[in-house]
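**Student:** Can you read through this structure? Questions will come right after.
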Amino acid sequence: MSTANTFITDGELRTNPTIDPLILDLVILVVGCVFTVFVCLFGVAANIVNIPLFRKLGYQDGVNVSLTALAISDLGSLIFELVYSIMMTPYILEIDLFVSKVVIGFITGFMFEYFSRVSGVITAYAALERCLCVTWPLKVKTLITNKVSFGVNWSIFILHSLYLFPQFYTSYFDWTYVPERNKTVYVIYFNSRRAEVFPVTYYVTDMILPYSTYIVLITCCTTIFVKLKSKAMWRQQVSSSAISHITSKERKSARMFMTVSFMAVVLLLPQSLMFTATVFIKALALNGSHSDLRRVFSTCTNFLKISNSSFTIFIYYNMSSKYRLEFQKLLVKFKTNLQLKRGNDN
């Protein structure tokens, strides 16, 4: 084993506290564990409902294809964050585990970040698609078909898997004896390549790509808002009911994606701002003197991110009449099956 390789455990991450350890544990317990677990469970259930509902609505255009892909990526991020939040609770001591909590946090944390980034880019693509439909409706409908949307969304999942490569390229897992605990523990080793690779990947994956996504989302939201407002007078003058119906459908769809995009920017941007602050304030790094303060920020920003993955169901229900109808049908079917089951039990 190379002498350049070093391993870390949960104890390695503890430094001289910047804030009261009791406050840190309370934030992690209340926000990072209790609130996060409940929101994750709700989000998992919501996205499990969303996937078959979008399938029932059909894939006549690329809209529901993108929404299905978004639900799948949101589901993945919520599952990994759920595991992370449970295992990172302060009351589960690493000394009781044969696998370092850092290993668990490393795997689940980066998988959560992978799916979160996929969700952000899918949202940006869907918003761009709606923006183009509002701007050039006739041309875009013939170009962006459901097959094109399927290919684009699938490519987003594949290409973003490159995000995981440098993380695992610069580290590996192995068993090692920890004298302080008098036991063999499964830990993570960081090799010498990490010092060379990490700065580059940090600026690309945690700075350039997220901010590029926000720029696309904000630009599309602004364009949609301006276009819808400028066409308001034209819509009032349209006499054909068929044309009016199509325009109304496109308008509602665009507004829904505008709302989803706005929520994504508001809830995802704080983490990117924290990463940006880390560049200028080295003490906020994972091994910095203010790492406990960073942990508080990370706990809160992660909660915002899972909220973004969980609460889109309310936007769909309130802004899509077709989704609301299918959801109500599913709810009636569930209640009927539940009543039949109770009747059989009696």
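None of the figures in this text is laboratory data; all of them are computed from the coordinates on show. Fair warning: this is a prediction, and the values are worked out from it, not measured in the lab. Cβ sites come from the backbone with ideal geometry, for glycine too, and all protein chains shown count toward neighbours.
**Student:** Calculated from DSSP H runs of 4 or more alone, at -39500 (n - 2.57) each and per residue, what is the 222 nm mean residue ellipticity of the chain, nearest 500? Don't skip to the end; give the middle numbers.
**Tutor:** Values: 14 runs with 248 residues, N = 346.
The helix contribution divided over the chain gives -24000 deg cm²/dmol.
**Student:** What base-10 log of the normalised intensity I(q)/I(0) is obtained for the chain from the Debye formula, alpha carbons as equal point scatterers, at q = 0.10, 0.12, 0.13 Å⁻¹?
**Tutor:** The Cα Debye sum returns log10 ratios of -0.71, -0.94, -1.06.
**Student:** Here's a follow-up. Mind telling me which of Ser161, Ser253, Ser73 comes out most flexible in a GNM of the chain, alpha-carbon contacts under 10 Å?
**Tutor:** Ser161
**Student:** Something else: For Ile92 and Glu180, FRET efficiency with R0 = 22 Å and r from the beta-carbon atoms, rounded to 0.05? List each step's numbers first, then the result.
**Tutor:** Numbers: r = 18 Å, r/R0 = 0.83.
E between Glu180 and Ile92, to the nearest 0.05, is 0.75.
**Student:** What does the charge count around Asp206 come to, taking other residues whose C-beta lies under 11 Å from its C-beta (Lys +1, Arg +1, Asp -1, Glu -1)?
**Tutor:** Here the charged neighbours net out to 0.
**Student:** When only C-alpha pairs under 8 Å and at least 6 residues apart count, what is the relative contact order of region 6-340, in percent?
**Tutor:** So the answer I get is 27 percent.
**Student:** Need the full-extension length gain, Phe110 to Leu41, defined as separation in residues times 0.36 nm minus the C-alpha distance. One decimal, nm.
**Tutor:** Extra length available between Phe110 and Leu41 comes to 22.9 nm.
**Student:** Along region 132-145, what does the Karplus equation 6.51 cos²θ - 1.76 cosθ + 1.60 (θ = phi - 60°) give for ³J(HN,Hα), rounded to whole Hz, x for Gly and Pro?
**Tutor:** Residue by residue, region 132-145 yields 5, 5, 6, 7, 10, x, 6, 6, 5, 4, 7, 8, 8, 8 Hz.
**Student:** Which of the pairs Lys139/Lys329; Lys56/Lys147; Lys229/Lys305; Lys139/Lys231; Lys305/Lys333; Lys231/Lys305 have their Cα atoms more than 26 Å apart in this structure?
**Tutor:** Lys139/Lys329; Lys229/Lys305; Lys305/Lys333; Lys231/Lys305
**Student:** For region 99-109, what does the Karplus curve 6.51 cos²θ - 1.76 cosθ + 1.60, with θ = phi - 60°, yield as ³J(HN,Hα) per residue in whole Hz, taken in order and with x for Gly and Pro?
**Tutor:** Going residue by residue, I get 10, 4, 5, 5, 5, 4, x, 5, 5, 5, x Hz, with x marking Gly and Pro.
**Student:** Could you tell me what fraction of 2.2 N^0.38 Å the Cα radius of gyration of region 107-211 comes to, as a two-decimal ratio?
**Tutor:** Values: Rg = 20.1 Å, N = 105, 2.2 N^0.38 = 12.9 Å.
It is 1.56.
**Student:** Now a separate question. Strictly under 4.7 angstrom between C-beta atoms: which cysteines of the chain have no such partner?
**Tutor:** Cys33, Cys40, Cys133, Cys221, Cys300
**Student:** Next question, about the same structure. Could you give the distance between the Cα centres of region 304-346 and region 142-218, to the whole Å?
**Tutor:** 34 Å
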